[in-house]
1. With +1 on the Cβ of every Lys and Arg and -1 on the Cβ of every Asp and Glu, and nothing else charged, how large is the dipole of region 168-334 about its Cα centre, in debye rounded to the nearest 20?
2. If you rank Val136, Val270 by fewest surrounding Cβ atoms within 10 Å, what's the result?
3. If you build a Gaussian network model of the chain, linking Cα atoms that sit under 10 Å apart, which residue out of Gly240, Gly196, Gly212 swings the most?
4. Determine the relative contact order of region 168-334: mean sequence separation of Cα pairs under 8 Å and six or more apart, normalised by residue count, in whole percent.
5. Using the crude model of +1 on Lys and Arg Cβ and -1 on Asp and Glu Cβ, and no other charge, please compute the dipole size for region 20-165 relative to its Cα centre, in debye to 20.
6. Put +1 on the Cβ of every Lys and Arg and -1 on every Asp and Glu Cβ in region 168-334; which of Asn257, Pro310, Leu206 then has its Cα farthest towards the positive end of the dipole?
7. Using per-residue counts of other Cβ atoms within 10 Å, averaged over each peptide, order 318-329, 277-288, 27-38 from highest down.
8. Debye sum, Cα scatterers, the chain, no solvent: what log₁₀ I/I(0) at q = 0.09, 0.10, 0.12 1/Å?
Amino acid sequence: MLSRTAFRAVQSRSFSSSAARQTKVAVLGAGGGIGQPLSLLLKLDPHVTALSLYDIRGAPGVAADVSHIDSASHVTGYPADKLDEALKDVKVVVIPAGVPRKPGMTRDDLFNTNASIVRDLAAAIARVSPEAHILVISNPVNSTVPIVAETLKKAGVFDPRRLFGVTTLDVVRAARFLGEITNADPKETVVTVVGGHSGATIVPLLSQTPFGKAIKGEAYEKIVHRIQYGGDEVVKAKDGAGSATLSMAYAGAKFANALLRGLSGEKGVVTPTFVKSPLFEDQGVEFFSSDVELGVNGVENILPLGNLTPEEQALLDACIPDLKKNIEKGKAFVA
Ligand code: NAI
């Protein structure tokens, strides 16, 4: 236990060092099912010095509520017509704006609505805060990330080191589900999940973890399916009221924290994320999720996949053509 004086010293130290850095983070879609708990979790992150909450509805109310929490960061809410103000001086922008799935829908079914929402938000970021790091949560991530990239390119401000599709929920689920079937703490069952973020494009590399490599046969098929389609369990249980929001907010805050740690100079921060990647460019796949080292400029280093089992190779072979189609669809939308 820390003494009261030591606790205060730690508190003031972490406050002054983070305050000196001034890391303003914006959430676009802050009034939604993900946006609200994500805003709450970002308010608790000591790396965030200011929080800018924007939505076409409800953001000032969420901001007023979250602003009463006793952490140092300053919170401001912005209504529909104040997007540019919300984006001023932001270092990181997280985008959970858009519609979620209903039972029976795939993530691709959201394309028609979410593509234009994401494109318009990306155009505003390009205009107001072109150097911001952008974290895309809005689905279909396999297409919305290329949409943001193309929009930034059109504006002449695309830097691939600063654009991320948030696939952390797949990583969180994989650790949890593997922990469940092996009776291990999920901290010990962390799985690298690569590829994209929908169905067959989600490729867990179970063989690369001590607990995962023992899983074979039917148990292997089952856990792979659960990692790929875990989102459907939530959509079904919510019965028309949407998709994962709380676990997604947790995953979004976890990824934002990893990025903020990298940006602040911490070394060795590695996590899977969907970025512009050379790994499968020769097969026409411009964006791919794999372990990425995060640093002061965002993407520091894209790590190779390592050894795959024949089963994992088969999953990857199924991922590539789907992912390629999803990426092309996003690019075509902006062109
Ligand atoms: P929701 O409907 O509860 O919230 C979406 C919010 O976006 C609403 O408050 C809405 O007013 C706002 N919005 C709509 N258009 C906007 C615009 N132009 N500017 C700013 N805000 C706008 O939906 P929920 O459950 O929060 O999901 C949001 C998105 O996240 C969906 O596309 C969903 O598919 C996706 N998602 C992604 C996951 C991932 O792993 N990357 C996991 C779960 C959901």
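Bear in mind that the values in this text are calculations on the coordinates, not laboratory data. This structure is a prediction, so every number in the text was calculated from the model and none was measured. Don't worry about glycine lacking a Cβ; one is built from the backbone with ideal geometry, like all the others, and counts go over all protein chains shown.
1. With Lys and Arg at +1 and Asp and Glu at -1, about 360 debye.
2. By the 10 Å Cβ count, ascending, the order reads Val270, Val136.
3. The residue that fluctuates most here is Gly240.
4. So the answer I get is 23 percent.
5. So the magnitude is around 260 debye.
6. Positive-end residue among those listed: Asn257.
7. With the highest mean Cβ count within 10 Å placed first, the list reads 27-38, 318-329, 277-288.
8. Each listed q corresponds, in turn, to -0.46, -0.57, -0.82.
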